[in-house]
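Since every read-out is calculated from the coordinates, none of them should be taken as a lab result. Treat the numbers as computed from the prediction; the structure is a model and nothing was measured. With ideal geometry, Cβ positions are generated from the backbone for all residues, glycine too; neighbour counts draw on all protein chains shown.
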Amino acid sequence: MTLDPQLILDSLPLIAQGLGITLKLLLYSALFGIGLAIITLVMRISGRWYLSWPAQVYIYFFRGTPILVQIFIIYYGLPQFGFIRGSILWPILREPFACCVIALGLNSGAYVSEILRGGVLGVDKGLTEAGKALGLSSPQRFIYITAPIAIRLSLPAYSNEFISTLKATALASTVTLMDVTGVARTLVSQTYAPYEIFIAAAILYLAFAWISYVALAWLEARASRYVKKGN
Amino acid sequence: MSGAQPVIVLDKVCKNFGAFRALINVSLSVSKGEKLVVCGPSGSGKSTMIRCINRLEEHDGGHIIVNGHELTKDSRNIDAVRREVGMVFQNFNLFPHLTVIKNLMLAPRLVRHKNKDEARAVAMKYLERVRIPNQADKYPSQLSGGQQQRVAIARALCMNPEIMLFDEPTSALDPEMIAEVLDVMTDLARDGMTMVCVTHEMGFARSVADKIVFMDAGEIVEAATPEAFFTKPQTERARQFLSQILAH
Amino acid sequence: MADLAAWGDDYLLGTLVVLKVFVVALIMAVIFGLIGAAARLSRNRIVSGLAKIYVVAFRGAPEIIILLIFYFGIAVSLTALVQYFDPATKFVDIPPFWAGSAAIGLIVGAYMTETFRGAFLGVDHGQVESAYALGLSKFQTFFHVRVPQMWRLALPNFGNHMLSIMKDTALISVIGLEEITFVAQMATSVTRQPFTMYMTVALIYLAITTLITFGVAALEKYANRHLRGAR
Amino acid sequence: MKFKSLLAAAAMALGVCGLVQGAQAETLRVGMECTYFPFNYRTPEGEMAGYDVDVAKGVAKIIGADLDYVCQKWDGMVPALLANKFDIIVASMSITEERLKKMDFSVPYRVSIGRFLGPKGKDLKLFDEAGKPVAANFDGLKIGVERGSTYSSWINAKLPGATLQVYDGNEPMLLDLSNGRVDLAITNPMKAYLDFLSKPDGAGFEFVSPPIDEKEFFGIGVGIGVRKGQDELLKRINGALETMIKDGSLKEYSLKYFPFAINPDNWQGVGTN
């Protein structure tokens with residue numbers, strides 16, 4: 001049995017039907033993750049134990065466990081409790097798409113929060129002092145000085161994290177979603193041509209990872225235009 | 001002490017970093033318009049003292065009163081002091097992500113609530129004063145060190161401060177750039193600004209300072225006019241310091 | 001809890017399977033990483049180009065797709081291969097353990113390639129020059145000057161890769177290996193307590209990843225002992 | 001002759017009775033797993049029981065043969081038949097193209113069917129009097145199916161308005177049905193009954209469709225396997241099954257184990273399509 005390049009080409013458009021869900025998952029999870037990351041970051045650097053402690057537990061848990069297990073806990077695990085099925089959140093948790101966004105977003109949020117924290121710690125302390133000396137308030141210093149610089153410092157690491165989230169969306173197929181991987185697995189179960197179809201799926205992911213990489217590199221270059229070249 | 005009212009008063013100020021005693025019962029007063037130069041070996045507490053004046057460091061004991069506001073935990077007093085006191089750092093600390101003009105406009109807009117045009121006008125005025133108006137739209141990284149430090153001085157001036165603090169403003173500069181910064185500082189002194197400078201530039205101290213404070217090991221060892229300090233220092237420590245610094 | 005206790009031995013066996021996959025995949029990842037790094041640093045453009053493709057493909061495609069390609073695909077081609085020699089063979093089965101370990105080893109090996117390469121390039125060339133100037137041979141320079149500095153540089157990333165391997169083991173449940181995530185699926189079908197069962201899995205992973213983190217931190221402390229003292 | 005009697009003695013000693021009794025009655029050796037509840041299994045008393053066993057007994061009675069059960073693990077079932085370890089397989093073995101290359105099958109004695117499961121007491125009017133699906137009433141419903149199962153192609157063909165939710169296994173699908181994440185699920189009714197409807201979790205659920213039995217989607221069914229070249233035996237078995245389908249005994253057997261029929265409704269004739 002040999003690899004049939006024609007079948008790879010033929011299956012690409014079929015698998016691409018799952019692209020919409022994959023991209024929506026990626027976009028929503030990434031945005032949700034960034035939001036969570038910012039909240040977590042603020043909690044962590046607040047200097048108040050009752051804020052920073054839960055934030056650290058959250059980060060520790062989501063970085064220390066497999067995403068697949070996190071998805072299963074949220075999708076299959078939560079409905080174990082009757083009160084969740086009766087709660088106003090159930091219309092959301094009922095949907096596999098929403099469960100995946102929550103799981104992927106929570107996971108990404110934990111990582112992005114650490115990335116942003118690295119960025120914040122990387123901001124020269126002198127700059128916030130200059131802000132203080134100029135009379136800027138603490139929120140003003142954070143918004144106008146620390147955050148813009150921290151974001152630039154975080155972008156290279158974030159670019160990797162974004163691609164990780166893209167790859168993690170493939171796990172959505174384990175909770176019934178027909179994303180690229182879900183469609184590919186279904187096709188394989190019907191055609192028994194695992195090589196061609198999964199390779200076609202991998203090509204789609206690689207293409208999209210490459211696009212994301214280029215886009216984020218452009219963003220990074222833009223954000224870094226004030227940094228001296230060389231030296 | 002001159003007869004003018006003091007705008008900065010330090011009274012038995014102490015500051016510890018863990019077990020290390022950075023400031024020990026430092027008392028000092030600076031009157032309006034006075035130019036004070038602080039010198040001493042590294043680790044003597046000069047920077048710590050100047051940073052206490054706008055509360056970049058919190059002092060552990062004693063009192064600091066700036067322009068009538070005592071610095072305590074009360075953030076309203078801290079804000080009031082910082083609005084009235086400008087500061088220039090050794091490493092310039094320009095905001096790298098903002099152009100020169102935006103560096104200057106940031107605080108007036110956020111703290112003084114000036115509109116864009118007012119802030120820009122003020123910024124240009126001071127850029128001209130430090131003689132680099134043509135660099136307004138560049139990023140700090142595109143300027144030389146001397147230019148950056150002059151931008152930093154202009155940035156502080158944009159807040160229209162009554163007092164200026166300089167924390168070793170020339171020690172991160174290449175020798176050929178020191179003069180251009182000192183020139184701007186001398187201009188400022190001539191205009192009657194109240195200034196506290198931590199510096200090793202003894203030429204500048206001799207020509208500009210009204211009073212020189214020599215610190216060592218967290219204490220003020222000597223306080224005198226430049227004339228007296230340079231010609232006949234009172235203590236052995238000051239003599240040693242002077243011989244080291246003037247030997248070069 | 002009584003339900004959970006009944007599955008205790010299954011979880012224990014599952015944990016052993018996880019640890020076995022971890023060890024095998026780790027060894028493979030290090031081997032692939034070293035080969036990959038050597039190839040990437042090679043002056044031969046074809047060799048370094050192939051290594052680059054390996055790194056891009058295995059870092060850009062979702063882990064689960066690579067795993068599925070291995071599990072389904074390799075069996076198909078191995079069967080074809082064996083049938084070529086012995087037409088009587090009907091089917092060669094790749095046990096999920098080996099398919100999974102190899103896939104994870106290759107994936108993380110791609111990351112290790114970059115880590116090892118970075119560590120190699122990270123050692124200041126002046127160090128090598130001064131070693132030569134002191135009369136050390138190429139071989140002596142490599143083992144006495146380069147390697148001791150390299151492993152210190154590689155260690156933080158290496159620790160992260162170990163955590164990735166550990167967490168990737170959960171994916172093998174998708175191809176039916178009876179590790180802890182799979183045990184949880186079985187236990188859920190009997191007890192109908194998905195939350196309890198998957199949370200147990202998460203906590204087991206958390207315990208193992210914590211141990212790895214502490215282990216790596218201790219190693220790092222040891223590796224950086226010469227940097228201590230300077231303030 | 002000496003050799004033959006020796007063999008007989010050995011067989012007796014081993015407890016394999018009836019090998020040489022062929023003179024008065026034929027003995028059929030039947031291969032099955034003996035552990036596949038409720039199709040072929042041992043009762044606590046040690047008796048063989050189950051739907052497959054009943055069918056085998058029924059056939060044996062009609063063709064006038066004695067039965068001898070041989071327990072065989074599933075993965076060696078076909079090789080054992082080919083190696084003459086037993087004469088027929090009655091072990092819930094589906095008739096597939098692949099197997100037909102190596103062996104012959106009788107007509108199906110159990111159908112491959114799908115059935116919809118849904119919450120009790122909702123009269124959704126999904127099927128009309130004649131048992132045909134009313135496609136419009138499926139519009140907007142979410143239906144759970146297993147990935148790669150034959151049911152999804154049936155739904156795609158017949159119920160364009162329904163939404164499929166694809167699961168990797170039967171268990172998570174039924175879990176989601178009981179959680180209310182899907183409105184309906186379609187699966188093998190025997191599995192659904194054993195794993196779900198007969199348990200506390202499934203208490204609020206029931207079959208909401210008649211058994212759906214469409215060969216072009218679901219396959220032919222489960223048959224009795226014989227070695228190739230045994231046309232005479234196959235003919236007799238098919239005859240027996242024809243009789244059992246017509247007289248209702250197959251239905252009677254299936255109702256012993258399930259509250260619904262799993263046998264073919266009418267005689268489908270000999271030969272495969």
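Once R0 is set to 60 Å, what does the formula 1/(1 + (r/R0)^6) return for the Cβ-Cβ distance between residue D:235 and residue D:120, expressed as a FRET efficiency to the nearest 0.05? It would help to have the intermediate numbers written out before the result.
Numbers: r = 46 Å, r/R0 = 0.77.
The value I calculate is 0.85.
Give the residues of region D:91-126 whose amide nitrogen is closer than 20 Å to a point set 7 Å from the Cα of residue D:247 in the direction of its Cβ.
Label zone hits: D:107-110.
Give the shape of region C:2-225 as rounded, prolate or oblate, defined through the alpha-carbon gyration tensor: a ≥ b ≥ c are the square roots of its eigenvalues, a/c under 1.5 means rounded, and otherwise the shape is prolate if a/b is larger than b/c and oblate if not. Before the final figure, lay out the partial values.
Details: a/c = 3.06, a/b = 1.47, b/c = 2.09.
Verdict is oblate for region C:2-225.
Return the tail of the calculated pair distribution for region A:5-223, meaning the percent of Cα-Cα pairs more than 26 Å apart.
Result: 46 percent of Cα pairs exceed 26 Å.
Give me, ordered by chain and number, the residues 5 or more places off residue D:165 or on other chains with an amide H under 5 Å from its own placed amide H.
Result for residue D:165 returns D:143, D:144, D:145.
Give me the inter-chain shielding for B:138-147: mean count of other chain Cβ atoms within 10 Å, whole number please. Walk me through the numbers on the way to the answer.
On the way: counts 1, 4, 2, 6, 3, 1, 0, 0, 0, 0.
Average neighbour count from other chains, rounded to a whole number: 2.
Based on DSSP, what percent of beta bridges with both residues in the protein assembly as shown are antiparallel, to the nearest 5? Mind dumping the intermediate values first?
On the way: 40 of 73 bridges.
So the antiparallel bridges amount to about 55 percent of the total.
Among all helices in chain C defined by DSSP H, which have a length of 24 Å or more along the axis from Cα atoms plus a Kyte-Doolittle mean of at least 1.6? Could you put the intermediate results ahead of the total?
On the way: long enough: C:8-40 (46 Å, 1.79); C:96-122 (38 Å, 0.89); C:147-168 (29 Å, -0.02); C:194-223 (43 Å, 1.29).
Helices meeting the span and hydropathy rule in chain C are C:8-40.
Under 13 Å from the Cβ of residue C:131, count the other residues' Cβ atoms, weight Lys and Arg +1, Asp and Glu -1, and hand me the total.
Result for the local shell: 0.
Have a look at B:23, B:98, B:71 and tell me which one the Gaussian network model of chain B (Cα, springs below 10 Å) gives the largest fluctuation.
Taking springs between Cα atoms under 10 Å, the residue moving most is B:98.
Given R₀ = 30 Å, what would the calculated FRET efficiency be for residue B:121 paired with residue C:56, taking r from the Cβ atoms and rounding to 0.05?
Once the sixth-power term is evaluated, E becomes 0.05.
Would you mind giving the mean number of other chain beta-carbons within 10 Å of the Cβ of each residue in B:89-100, as a whole number? Each step should come with its number before you reach the end.
Working: counts 5, 1, 5, 3, 11, 3, 10, 11, 13, 5, 1, 0.
Average neighbour count from other chains, rounded to a whole number: 6.
What 222 nm value per residue comes from the helices of chain D, counting each DSSP H run with n ≥ 4 as -39,500 (n - 2.57) and dividing by all residues, nearest 500 deg cm²/dmol?
Details: 10 runs with 88 residues, N = 273.
One gets -9000 deg cm²/dmol as the mean residue ellipticity at 222 nm.
Under 10 Å, Cα contacts only: if you run a Gaussian network model on chain C, which one of C:217, C:110, C:29 comes out with the highest mean-square fluctuation?
Among C:217, C:110, C:29, the largest GNM mean-square fluctuation belongs to C:217.
Specify whether the C-alpha gyration tensor of region D:75-166 places it in the rounded, prolate or oblate class, a ≥ b ≥ c being the square roots of the eigenvalues: rounded for a/c under 1.5, otherwise prolate if a/b is larger than b/c and oblate if not. Spell out each step's value before the answer.
On the way: a/c = 3.18, a/b = 2.64, b/c = 1.21.
In terms of gyration-tensor shape, prolate.
Want the number for residue C:190 to residue C:3: 0.36 nm per residue separation, take away the alpha-carbon distance, what's left?
Numbers: separation 187, 0.36 × 187 = 67.32 nm, distance 0.94 nm.
Fully extending the segment from residue C:190 to residue C:3 adds 66.4 nm.
Cα-Cα over 22 Å: which of B:15/B:46; C:52/C:138; D:158/D:256; A:125/B:15; D:61/D:251? Don't jump to the answer; show the numbers that get you there.
Numbers: B:15/B:46 12 Å; C:52/C:138 27 Å; D:158/D:256 32 Å; A:125/B:15 20 Å; D:61/D:251 17 Å.
Over 22 Å apart, Cα to Cα: C:52/C:138; D:158/D:256.
Using 7 Å Cα-to-Cβ label points, what is the residue C:128/residue D:47 separation (nm, one decimal)?
8.4 nm
Mind giving me the FRET efficiency for residue C:12 and residue A:190? R0 is 25 Å, r the Cβ-Cβ distance, nearest 0.05 is fine.
Working: r = 38 Å, r/R0 = 1.52.
Here the calculated transfer efficiency is 0.05.
By count of other Cβ within 10 Å, fewest leading, how are C:226, B:59 ordered? Could you put the intermediate results ahead of the total?
Details: C:226 9, B:59 24.
The fewest-first ordering by Cβ neighbours comes to C:226, B:59.
Provide, in order from the shortest bin, the percent of all Cα-Cα pairs of the protein assembly as shown in each 20 Å bin, continuing until the bin that contains the maximum pair distance.
10, 30, 27, 17, 9, 5, 1, 0
Can you tell which of A:146, A:40, A:191 shows the greatest fluctuation in a Gaussian network model of chain A with Cα springs below 10 Å?
Taking springs between Cα atoms under 10 Å, the residue moving most is A:191.
What average count of beta carbons from other chains do you get within 10 Å of the Cβ of residues in A:206-215?
Other-chain Cβ atoms within 10 Å of each residue's Cβ, averaged: 2.
Ranking D:222, A:214, C:30 by Cβ neighbours within 10 Å, fewest first, what do you get?
Details: D:222 26, A:214 11, C:30 17.
Ranked by crowding around the Cβ, least crowded first: A:214, C:30, D:222.
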